[in-house]
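Computed from the coordinates by the stated procedures, all read-outs in this text should not be read as laboratory data. In this text the structure is predicted, and so the values were computed from the model without any measurement. Backbone-built Cβ (ideal geometry, glycine too); neighbour counts: all protein chains shown.
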Amino acid sequence: MRLDTELAGARVYLRNHRPDDLDFSAGMWLDEENGRYLSDPDRGHVDAPFQRALDTLQDSGLGYYLTACLNGTGERVGTCCVFPDQSREEYDIGYCVHKSRWGQGFGREIVELAADWARAQGGKRMTAEVADGNLPSRKLLEACGFRIERASEFEKYHMDVRFKSHIYRLDLEPGRKAVSVALGKRTAETAAVFFEKTNSEAIRKFLPMKAQTAEEAAEDFYASQRPDAASFGRTIWAEGRHVGDVWCYCIDPEAAPNAMVSYCIFERALWGRGAASKALGLFLAEIVPKFGLKTVGAFTYADNRPSVRVLEKNGFRLAEEFMEGGRASQYFECHTESVII
């Protein structure tokens, strides 16, 4: 089966598998580390039937075999396969990201592109089977809205290796396309836009800001650009425009937590559409290796349920509840081994 067109995302696109992709794809699937939790065998257990299946992936009548490539360069970063049932109401997905690209959020973008496409085909459900030991992949699916449906088990092809697993399920809401999100560089200009857009009662009710004037916001931005700064931020882009910011502060690998994180989508049309959750996931994937973080914390008001859901989808767990200025508040913490690949 073959797509009629490429599936384009913020950073990657999915296209049909080609014979010249095989060295890259099989190089991941058969690799001891990259393919550890896949059903594919290691190189020593590839027999003639399996090799024939690899050599003819582009002609498969069972499903869609896709290659994920970077926008602009075409560099391959991963793979995806999607298998529809006979009714084409349920689609089963598999995915893999090259280990040189782990921790950069590509897996999540690949899954969301495939889910959007299945939804557009009239699909009602998407499923994925994941080994219980594959924590990053489980977190990825949960962040994409998948929920556990049932326990299962699978084995690696022709190898005496079995994994306990779970089948995850995503209900595909018609007409509810996920928002494509990317992160950009903060500048003095974007900092000024952010201050202007967030200087409203509706936002500051849930996100108190240190800067009370445009001048103070500018000073804070320039302070964050110093080499010894203990803060770092990115702009959030969706649908081709700047829609918010995400940032971390109190960065200190010797402290507990190693950093604090915060975020804001100021474009109200995007509230409730997953933009903040995706942006935070991308940001964590960047700052964890950049600053060597083991734990990341975040504060939110207890009645800010959308923010609580954003944190929970990205692996944060409630650690403390307290009163702040007479208002119920919560502290969440994320141990970064759960950060999504």
- Close pairs from the stretch 61-73: first surrounded by fewer than 16 Cβ atoms within 10 Å (Cβ to Cβ), partner part of a strand (DSSP E or B), Cβ under 7 Å, at least 6 apart: Leu62/Phe83; Leu70/Val12; Leu70/Val77; Asn71/Val12; Asn71/Tyr13
- Task: Considering every residue within the stretch 128-142, establish whether at least one is in contact with an Asp or Glu (Cβ under 9 Å, 6 or more places away or on another chain), surrounded by 15 or more Cβ atoms within 10 Å (Cβ to Cβ), farther than 25 Å from Gly272 by Cβ and free of Cβ contacts under 8 Å to residues at least 60 places away in the same chain.
- Result: yes
- Query: Within the stretch 178-192, how many residues are surrounded by fewer than 16 Cβ atoms within 10 Å (Cβ to Cβ) and within 27 Å of the chain's Cα centre (by Cα)?
  - Reply: 3
- Note on the structure: For helices (runs of 4 or more DSSP H) lying entirely in the stretch 113-214, having 1 or more residues that are within 25 Å of Thr336 (Cβ to Cβ) picks out 135-143
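Let's see how each residue does on (1) in contact (Cβ under 8 Å) with a residue 12 or more places away in the chain; (2) out of contact with any Leu (no Cβ under 8 Å at 6 or more places or on another chain); (3) more than 25 Å from Thr79 (Cα to Cα); (4) among the aromatic types (Phe, Trp, Tyr):
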position: Gly274; (1), (2), (3), (4): yes, yes, no, no
position: Ala279; (1), (2), (3), (4): yes, no, no, no
position: Phe283; (1), (2), (3), (4): yes, no, no, yes
position: Thr295; (1), (2), (3), (4): yes, yes, yes, no
position: Phe299; (1), (2), (3), (4): yes, yes, yes, yes
position: Ser307; (1), (2), (3), (4): yes, yes, yes, no
position: Arg327; (1), (2), (3), (4): yes, yes, yes, no
- Query: Just for the stretch 198-218: of the residues that are among the charged types (D, E, K, R) and touching a helix residue (DSSP H, G or I) at 6+ places or on another chain (Cβ under 8 Å), which one is farthest from Leu270 (Cα to Cα)?
  - Reply: Lys210
- Query: Which ones in the stretch 65-89 are in contact with a Phe, Trp or Tyr (Cβ under 8 Å, 6 or more places away or on another chain), hydrophobic (A, V, I, L, M, F, W, C) and within 15 Å of Arg11 (Cβ to Cβ)?
  - Reply: Ala68, Cys69, Val77, Cys80
- Filter result (basic (Lys, Arg) and touching a helix residue (DSSP H, G or I) at 6+ places or on another chain (Cβ under 8 Å)) within the stretch 4-54: Arg11, Arg18
